[in-house]
Structures are given as structure tokens and as C-alpha cells.
Amino acid sequence: VQLQASGGGLVQAGDSLRLSCAASGRTFSSVAVAWFRQAPGKEREFVAWIDRSGTSTANSASAKGRFTISRDNTKNTVYLQMNSLNAEDTAVYYCAAALTETIDFSSSAYDYWGQGTLVTVSS
């Protein structure tokens, strides 16, 4: 699976942004997908996860209530809708796909990675 993340940019605190992760190369509905992020000087951290069909999702504590992950298998795309952004959300956001459906918060569990898209939130 090849993944291409997009949609990042510079926004102000309180704004919203929607990231997209477009996939190609393998039946998209055969993989679960997650978003991770990595802020400068910090380790990569889990943000959100969605199963193959899009019926089950999970968020990190920092994303809960503000971020929504969704997918459209007809468009081979996963989205991350981010609302009420704050400076702590500034990071490079990566999408990743896993052949296994069991949710996993560890980046090592994912088989395919996109190149990342930068989100910068000014306060």
C-alpha cells in the first residue's frame, strides 16, 4: 500500500483542519489505518485509528472530543477532521496502515507509512 498524506498547513488556535490519506496499490478495505504525529523533539505518538470497514474507531486522550477519523473506501481515503486546534497539536502528521485489524497504539505495528504532512498551530 502506498499512502499519501495531505491537508496540513498553518492555522490559528481554535481553527479546524482536515487531513487526508490517499491510498493505492492494494485493496484499501483490507487494511486498518491510523494517524500518528511527531512534534519537534518528541517521539511519534498515536492519534486515531479506524478499522477496515470504518465502523470502529479509537482516539488518543488528547484527540478525544476534538478529532474525528473516518474513511471512504470508495475513494481509498482516510480523513482526520481536527477541530479546536491548539499549539500542542503542532506536529508532522503521518498516516499508517496495518494488515491486522486489531487496534494497536504502537507505530511498530503498522506495515505502511505515508510521508507526513505538517500542521502548525499558532497561538
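Here is how the numbers come out for the structure above:
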| item | result |
| --- | --- |
| Relative contact order of region 39-123, pairs being alpha-carbon contacts under 8 Å that are 6 or more residues apart, as % | 27 percent |
| Within the chain, percent of DSSP bridges classed antiparallel, to nearest 5 | 90 percent |
| Charge context of Ala22, other residues only, Cβ under 14 angstrom, K/R +1, D/E -1 | +3 |
| Choice from Arg37, Arg66, Arg52 with maximal GNM fluctuation in the chain (Cα, 10 Å cutoff) | Arg66 |
| Among Val119, Ala109, Ala63 the positive-end extreme of the charge dipole of the chain (Cβ point charges) | Val119 |
| Electrostatic dipole magnitude of the chain [Cβ: Lys, Arg +1; Asp, Glu -1; Cα centre; debye, to 20] | 180 debye |
| For region 51-87 versus region 8-31, the gap between their alpha-carbon centres in whole angstrom | 9 Å |
| Under 15 Å, Cβ to Cβ, from Asp89 - net charge with Lys/Arg +1 and Asp/Glu -1 | +3 |
| Accessible area per residue, Å², the chain with all protein chains present, probe 1.4 Å | 49 Å² |
| Proximal charge balance of Val47 [Cβ under 11 Å; K/R count +1, D/E count -1] | +2 |
| Selection of chymotrypsin sites (Phe, Trp or Tyr not before Pro), region 46-118, meeting DSSP coil and at most 15 other Cβ within 10 Å | Phe105 |
| Accessible area of the chain belonging to carbon and sulfur atoms, whole % at 1.4 Å probe | 46 percent |
| Over region 79-123, relative contact order from alpha-carbon pairs under 8 Å, at least 6 apart, % | 53 percent |
| Solvent-accessible area of Asp104 with every protein chain in place, 1.4 Å probe, in Å² to the nearest 10 | 60 Å² |
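The values are calculated or read from the model by the stated rules, or taken from the named source; none is laboratory data. Quick caveat, the model's predicted, so the values are computed rather than measured. Reconstructed Cβ throughout: ideal geometry from the backbone, glycine too, with neighbour counts over all protein chains shown. For the accessible areas, the whole protein counts, side chains as well, though only heavy atoms, and no ligand, DNA or RNA atoms are used. Shrake-Rupley method; radii C 1.70, N 1.55, O 1.52, S 1.80 Å.
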